Amino acid sequence: MYARNDVTMLRKNISQHVGSKVMLETNKGRQKSIVSSGTIENVYPSIFTVMLDGTDGTNRTVSFSYTDVLTKSVEITVFSH
């Protein structure tokens, strides 16, 4: 089980990168994963949102919980400015 401290530290880390480009690898189970890129939009107490870059010019917003990252269901790579 993860401590509240872990979630708090992760939230602070992600909040420092609001507006940054990221690459997300989402584990969908049975050795399936989806890789996408986008920009961190907002940070909330339980979730954070990412605006995904659409291949057809459309963008969509998705949300992830901090526990998704802690349990490695979602892996985030932040691109340097």
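The values are calculated or read from the model by the stated rules, or taken from the named source; none is laboratory data. Computed from a prediction, not measured in an experiment: that's the story for all the values here. Backbone-built Cβ (ideal geometry, glycine too); neighbour counts: all protein chains shown. Side chains included, ligands, DNA and RNA excluded: accessible areas come from the protein's heavy atoms. Shrake-Rupley method; radii C 1.70, N 1.55, O 1.52, S 1.80 Å.
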Exercise for review: Return the long-range amide H neighbours of Ser20 (sequence gap of 5 or more, or a different chain), with a cut-off of under 5 Å between placed amide H atoms.
Suggested key: Ile40
Exercise for review: Identify which of the listed values of log10 I(q)/I(0) by the Debye sum over Cα atoms at q = 0.14, 0.16, 0.17, 0.24 Å⁻¹ was calculated from the structure shown: [x] -0.45, -0.59, -0.67, -1.23; [y] -0.73, -0.82, -0.85, -0.95; [z] -0.37, -0.49, -0.56, -1.23.
Suggested key: [x]
**Study point:** aspartates and glutamates whose Cα lies under 14 Å from that of Lys28, excluding same-chain neighbours fewer than 8 positions away
**Key:** Asp68, Glu75
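222 nm [θ] for the chain, helices only, -39500 (n - 2.57) per DSSP H run of 4+, per residue, to 500?
Computed ellipticity for the chain at 222 nm equals -6000 deg cm²/dmol.
Just how large is the dipole of the chain about the Cα centre, in debye to the nearest 20, putting +1 at every Lys and Arg Cβ and -1 at every Asp and Glu Cβ?
Working: 9 positive and 7 negative charges, 46 e Å.
Approximately 220 debye in magnitude.
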Review point. Full extension from Thr26 to Met9: what is 0.36 nm times the residue separation minus their Cα-Cα distance, to one decimal in nm?
Key: 4.0 nm
Exercise for review: Would you tell me the accessible area of Lys72, worked out with a 1.4 angstrom probe on the heavy atoms of the protein chains, in Å² to the nearest 10?
Suggested key: 140 Å²
Exercise for review: Identify, among Ile47, Thr61, Ser37, the residue whose Cα sits farthest towards the positive end of the charge dipole of the chain, taking +1 on the Cβ of Lys and Arg and -1 on the Cβ of Asp and Glu, with the dipole about the Cα centre.
Suggested key: Ile47
Practice item. Run down the lysines and flag those whose C-alpha is under 22 Å from the C-alpha of Lys32, throwing out any fewer than 8 positions away in its chain. Key: Lys72
